[in-house]
Amino acid sequence: MEFIEKTRYRKEIDGLRGIAVLGVVINHFDKKLLPSGYLGVDIFFVISGFVITSSLMRNYSTDFNEFFKNFFLRRIKRIYPTLIVFLIISSIFTCLFVADPVTNLKTGLSSVFGLSNIYLFKNSTDYFALKAELNTFTNTWSLGLEEQFYLIFPFLFYFSFRNKAAINGAKLLKNFLLFLSIISFLAFSFTYERNFSATYFLLPFRFWEMAGGVILFFSNFKFFSKKNKIYPVIAPTALALIIFLFFVPNDFGKYLTLLVVLFTIILIGYINERNFSYKVLNNKFLNHIGLLSYPIYLWHWSVLSISKQTIGVQWWTIPVQLILIYFLSLISFKYIENPIRKGQYSLKQLKNTYLYLLTLLFSFFGLTLFSNQKLSEVLYLGEKTKKNLPYFKQKVWDKRNCMNDRLYIIQPKIKDFDNCYVENKINNFNAKTFFIYGNSYNEQLMPIFVESSKNNSDNIFHSYYSRGCYASSKFEIYNERVPGHCSNIFKNYLSFFNKKSKTGDTLIIANSIKYFSAKISKNLYLTVNSKEINMKSELDLYLEELKLLNNELSSKKQKLVIISGIPYLGFNPVICSQWFAKSNNFCTPVWDETSNSEIKMINKKFEGLQDEGIIFINIYDEILNQIKFKNKKPIDFYRSKDHLSANGALLIKDFILKNLSIKI
């Protein structure tokens, strides 16, 4: 066939894999060293498209069954042996050191089916957030993308070449993929700011990268003649620019992704034995790392993720972590991946090995995720935190049925809010009712109102919260599953409030304020009519909305109360309270001063609402007064770096009740 020369093994591509995986690993060790090293994954996507096309061309068969059977057998032998061993070992260590491993394990389980990218997207994972870094299997998202591409591309390949000359089949396939790639790239470009998680994790927005590798395979680069003086420097320049992009701040992620894909295509297309880049990429070290790139990519993440939850990542741990990653990768390649790929085991031995490993894997996941006495709880070496259990166990407020989420599709009906009163035997019609609405910041304060209801016969409490939402009828939230979902819930709640409230009642809004700060929210923001607006305008518009709401309530002799944001910790208290994290460098500093300076500034803006007759309760200063200035341990009063535990809420109980004029 006309393209058979391109199917030969190219060592320089292994060298490029080496550079890509080193960029990823360095970035994950320290983002400051290589801010955009994660672009190595995009290089992998281009290489994957190129290499998979080479493999299909080399092993092409007109027999449909033979073609697909051989292709998927090669993919299974390449991907799954190392992946399954990685999942089993990493899952065991996850259960040993992660207090709540459910999300981690579900991510790992979904990766077996090539669906972890979809699982992470459904959970609205921000790849660059700490939460993603603590998930042992976040990195398997890219495998999911590639496996989904492998389910589509071979069919396009086969039917493009069926009953056609190779040159005609190649032209048909290339043009069709070029058309799909343009659509995919446009979708990526227009959606990047609106729904970053979708463009990061989902195949329709990444298809153009892998398809670029396929188009590269069928293309002849004739823009410059080999006699042209520019020709020898094209590939070295592309390589230098790829490495340069690794150092560029990831604030320009959309453009960096496009550039690294283009430069990778140019590099592979123009590299030859005569230019400098060929010598660089044929370096023994890069070739060796490139051969190990797949197991390195798997193991480095779990080693780092578990380290961040135990000993940390610091100068004295890094050599040990690097050695561990290298030897785990070397063993995986030498004794698992390579022997199976080279056919050193019979088909019967392979079947028995796969059956044994999969049985072990699914049994482990079953025992850790679905059994009554979960194995993960037995294996965990730390102390289980029970900071919220005392009030969760009390059947006085139906937490489960009094919440929603920005990722949910179904909205509560007005009648559904009837079940969200804090249980109280009051039959006094004159009792004042406090209606509390917000996101998880409302939920964190519920121990206060649960406790108050026990000994209080003068007040009734009602509470509903929507995670990741905001108490606004105008703003939409970035990454809502259904646009307008959050604002519609608040509108429904206001309708419920108007229907059930009476003169003298109070509406309390307890929300996080991170949406008004780019430094805190990063990839989260509010929109109006699906259009992003700058955060200063967001805050001004929201304050105006609260003023209008207050005017409406005041006309009915009702009150509006806004509860401030809280100070952020500089660490995860669940991790840092454990014995195995005593030397963890991620457990300092105690307070997140960068976020807190933003919170104080935004709280100051909300404070101005008092001039409009709105009650503003500044719990930020009270929390610092109770913890920081009385030398208490903040770790005892927070359940996460930005949420109070039940003990933390009860610490400011008297302060809040006093400001609400409720008897203590």
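Can we say Leu507 is crowded, with 16+ Cβ neighbours inside 10 Å, part of a helix (DSSP H, G or I) and modelled with pLDDT of 95 or more? Outline the logic, then answer.
Working: crowded, with 16+ Cβ neighbours inside 10 Å: yes; part of a helix (DSSP H, G or I): no; modelled with pLDDT of 95 or more: yes.
For Leu507, the condition - crowded, with 16+ Cβ neighbours inside 10 Å, part of a helix (DSSP H, G or I) and modelled with pLDDT of 95 or more - is not met.
Does any residue of the range 280-288 turn out to be in a helix (DSSP H, G or I), closer than 28 Å to Thr199 by Cβ and in contact with a Pro (Cβ under 9 Å, 6 or more places away or on another chain)? Talk me through it step by step, then tell me what you get.
In the first step, residues of the range 280-288 are kept if they are in a helix (DSSP H, G or I); the result is 280-281, 284-288.
With the extra rule that they be closer than 28 Å to Thr199 by Cβ, the set shrinks to none.
The answer is no, given that none of the residues of the range 280-288 is in a helix (DSSP H, G or I), closer than 28 Å to Thr199 by Cβ and in contact with a Pro (Cβ under 9 Å, 6 or more places away or on another chain).
Take Phe461 and decide whether it is within 28 Å of Asn659 (Cβ to Cβ) and under 26 Å from the mean Cα position of the chain (by Cα). Reasoning before the result, please.
Values: within 28 Å of Asn659 (Cβ to Cβ): yes; under 26 Å from the mean Cα position of the chain (by Cα): no.
Taking the combined requirement at face value, the residue does not satisfy it.
Only one residue in Ile47, Ile52 is open to solvent by less than 30 Å² (accessible area, probe 1.4 Å) and farther than 28 Å from Leu357 by Cα, so which one is that? Steps first, please.
Numbers: Ile52 fails: farther than 28 Å from Leu357 by Cα.
Only one candidate passes the filter, namely Ile47.
Checking Ile336 against (1) modelled with pLDDT under 85; (2) surrounded by 14 or more Cβ atoms within 10 Å (Cβ to Cβ); (3) of a type in the set (A, V, I, L, M), which single condition isn't satisfied?
(1)
Take Leu381 and decide whether it is touching a residue at least 12 places away in the same chain (Cβ under 8 Å) and either outside any helix (DSSP H, G or I) or aliphatic (A, V, I, L, M) (or both).
On the way: touching a residue at least 12 places away in the same chain (Cβ under 8 Å): yes; either outside any helix (DSSP H, G or I) or aliphatic (A, V, I, L, M) (or both): yes.
Yes; evaluated as a whole, the condition is true for this residue.
So, in the range 197-214, exactly how many residues are touching a residue at least 60 places away in the same chain (Cβ under 8 Å), assigned to a helix (DSSP H, G or I), of a type outside the set (Ser, Thr, Tyr) and buried (at least 22 other Cβ atoms within 10 Å of the Cβ)?
Step one: list which residues in the range 197-214 are touching a residue at least 60 places away in the same chain (Cβ under 8 Å), which gives 197-198, 200-203, 206, 209-214.
With the extra rule that they be assigned to a helix (DSSP H, G or I), the set shrinks to 197-198, 200-201, 203, 209-214.
Cutting the leftovers down to of a type outside the set (Ser, Thr, Tyr) gives us 198, 201, 203, 209-214.
Filter once more, so that each one left must be buried (at least 22 other Cβ atoms within 10 Å of the Cβ): 201, 209-214.
Looking only at that region, the number is 7.
Conditions tested, residue by residue: (1) farther than 25 Å from Glu538 by Cα; (2) surrounded by fewer than 18 Cβ atoms within 10 Å (Cβ to Cβ); (3) touching a residue at least 60 places away in the same chain (Cβ under 8 Å).
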site	(1), (2), (3)
Ser583	yes, yes, yes
Phe606	no, no, yes
Gln610	no, yes, no
Leu660	yes, no, yes
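In the range 407-431, what residues are at pLDDT 85 or above, of a type outside the set (A, V, I, L, M), in contact with a Ser or Thr (Cβ under 7 Å, 6 or more places away or on another chain) and open to solvent by 30 Å² or more (accessible area, probe 1.4 Å)?
none
Considering the range 468-493 alone, what residues qualify as being free of Cβ contacts under 8 Å to residues at least 24 places away in the same chain and either in contact with a Cys (Cβ under 7 Å, 6 or more places away or on another chain) or not in a loop (DSSP other than H, G, I, E, B) (or both)?
In the first step, residues of the range 468-493 are kept if they are free of Cβ contacts under 8 Å to residues at least 24 places away in the same chain; the result is 484, 487, 491.
Those that are free of Cβ contacts under 8 Å to residues at least 24 places away in the same chain and either in contact with a Cys (Cβ under 7 Å, 6 or more places away or on another chain) or not in a loop (DSSP other than H, G, I, E, B) (or both): Ser487, Lys491.
Can you name every residue in the range 313-369 that is part of a helix (DSSP H, G or I), of a type in the set (Lys, Arg) and under 16 Å from Arg74 (Cα atoms)?
Filtering the range 313-369 down to residues part of a helix (DSSP H, G or I) leaves 318-341, 347-369.
If we keep only those that are of a type in the set (Lys, Arg) too, we end up with 334, 341, 348, 351.
If the condition is that a residue be part of a helix (DSSP H, G or I), of a type in the set (Lys, Arg) and under 16 Å from Arg74 (Cα atoms), then Arg341, Lys348, Lys351 are the ones that fit.
What pairs can you find where one residue is in the range 622-647 and polar (S, T, N, Q), the other is assigned to a helix (DSSP H, G or I) and open to solvent by 30 Å² or more (accessible area, probe 1.4 Å), and their Cβ atoms are less than 6 Å apart, with a gap of 6+ or different chains?
From the range 622-647, the pairs are Gln626/Leu651.
Looking at this structure, is Leu241 at pLDDT 95 or above, more than 30 Å from Ile477 (Cβ to Cβ) and not basic (Lys, Arg)?
Values: at pLDDT 95 or above: yes; more than 30 Å from Ile477 (Cβ to Cβ): yes; not basic (Lys, Arg): yes.
Yes; evaluated as a whole, the condition is true for this residue.
What helices (runs of 4 or more DSSP H) completely inside the range 81-142 contain at least 1 residues that are modelled with pLDDT of 95 or more and either surrounded by 24 or more Cβ atoms within 10 Å (Cβ to Cβ) or on the phi < 0 side of the Ramachandran plot (or both)? Lay out the reasoning, then the answer.
Details: elements: 102-112, 116-122, 130-133.
Those helices (runs of 4 or more DSSP H) span 102-112, 116-122.
Look through Leu322, Leu355, Leu328 and report the one residue that is under 27 Å from the mean Cα position of the chain (by Cα) and open to solvent by 80 Å² or more (accessible area, probe 1.4 Å). Give the steps one after another, and end with the answer.
Working: Leu355 fails: under 27 Å from the mean Cα position of the chain (by Cα); Leu328 fails: open to solvent by 80 Å² or more (accessible area, probe 1.4 Å).
After ruling out the rest, the residue left standing is Leu322.
Is it the case that the range 217-235 has a residue that's assigned to a helix (DSSP H, G or I), modelled with pLDDT of 90 or more and in contact with a Leu (Cβ under 7 Å, 6 or more places away or on another chain)?
So far as the range 217-235 goes, yes, one or more of its residues are assigned to a helix (DSSP H, G or I), modelled with pLDDT of 90 or more and in contact with a Leu (Cβ under 7 Å, 6 or more places away or on another chain).
Test of understanding: among Leu173, Leu178, which residue is open to solvent by less than 50 Å² (accessible area, probe 1.4 Å) and farther than 25 Å from Tyr38 by Cβ?
On the way: Leu178 fails: open to solvent by less than 50 Å² (accessible area, probe 1.4 Å).
Testing whether each residue is open to solvent by less than 50 Å² (accessible area, probe 1.4 Å) and farther than 25 Å from Tyr38 by Cβ leaves just Leu173.
The values are calculated or read from the model by the stated rules, or taken from the named source; none is laboratory data. Predicted, not measured: the structure shown is a model, and the values here were computed from it. Don't worry about glycine lacking a Cβ; one is built from the backbone with ideal geometry, like all the others, and counts go over all protein chains shown. SASA here: full protein model, heavy atoms, side chains in, ligands and nucleic acids out. Shrake-Rupley method; radii C 1.70, N 1.55, O 1.52, S 1.80 Å.
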